[in-house]
1. Pick from Ile141, Ile109, Ile72 the residue whose mean-square fluctuation is largest in a GNM of the chain, springs joining Cα atoms under 10 Å.
2. Using only the Cα atoms of the chain, what do you get for the radius of gyration and for Dmax, in Å?
3. I'd like the Karplus ³J(HN,Hα) series for the stretch 34-44: coefficients 6.51, -1.76, 1.60, θ = phi - 60°, whole numbers in Hz, and an x wherever there's a Gly or Pro.
4. Restricting attention to the alpha-carbon atoms of the stretch 59-114, what are Rg (one decimal) and Dmax (integer), both in Å?
5. Using θ = phi - 60° and the Karplus form 6.51 cos²θ - 1.76 cosθ + 1.60, what ³J(HN,Hα) does each residue of the stretch 74-89 get, whole Hz, x for Gly and Pro?
6. Angle check, please: helix 146-157 long axis (alpha carbons) against the longest principal axis of the chain (alpha carbons), in degrees 0 to 90, nearest 10.
7. Tell me the angle of helix 2-28 to the major Cα principal axis of the chain, expressed in degrees between 0 and 90 and rounded to the nearest ten.
8. With θ taken as phi - 60° and the coefficients 6.51, -1.76 and 1.60, list the Karplus ³J(HN,Hα) couplings across the stretch 122-134 in order, rounded to whole Hz; mark glycine and proline as x.
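What follows draws every value from the coordinates through simple rules; no lab data is involved. For clarity, every value in this text was computed on a predicted model and none was experimentally measured.
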Amino acid sequence: FTKKCHKIIFTLFYIALVLAFPLAEVLSHHTSAPWVKYILLLAYYSVVFLLYLFIFLAVFDILLGFNRLLRIVHAEILGSRKFQTVSLFILISLAALVVIIGSIHFNTIHIREYQIKVPRKSAETKQLKIAMASDFHLGQITSRQFLNKFAAKINSLHPDILLIPGDIVEGHRDDGDMTVFERQLRQIKLKHGVYASPGNHELLSSKSKSEFFAN
């Protein structure tokens, strides 16, 4: 009975993870309630988790296939309940670890520096320090602290100008008030200002998001 119960619980949990993303997407297009943010976060993380779980399972099955040919590990060990339980725990832990590391990496601002020399100068400017960042996809699930950190980082680098080429806001759903992001971006004070251009996501945006560029 216990084994059957565990199978049912695991199956229901797996189905919930699979359906989380499409259901959250449908729900997010019909309401901008604050609690939808947490469902979307769960849905996005579940997609990544399932992807890497699938990859690790595929690699594990390939290794089992080689083991059948080479017979490194005895069949009795592979068929034992302990081996199966430990293997499942390791695979799930690896997938979860990838999600955690990816989340930390995503929320960390990384700087890459490039130097470009123009042989023929057409202006009196000897040097221009340009900062560029794109694909913010600002929306309901964006941390309110992210743009504050971004603005502080840009100001600390002291560039002459900031370019933001597209996909600044998430335009395919109603993510509510964007004034918080506008206020945070105004913290950036540069010599030649901040220039942004719309991307494909802004083309799908509502009127209020189109006005984001004017504000």
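1. Among Ile141, Ile109, Ile72, the largest mean-square fluctuation in the Gaussian network model of the chain belongs to Ile72.
2. Gyration radius and largest Cα-Cα distance of the chain: 24.2, 82 Å.
3. x, 5, 5, 3, 6, 5, 5, 4, 4, 5, 5
4. 17.9, 57
5. 5, 4, 5, 5, 5, x, 6, 5, 5, 5, 5, 5, 5, 4, 4, 4
6. Here the helix axis deviates by roughly 50 degrees.
7. Roughly 20 degrees between the two axes.
8. For the stretch 122-134, the Karplus curve yields 10, 9, 7, 5, 7, 8, 9, 9, 10, 10, 9, 8, 9 Hz.
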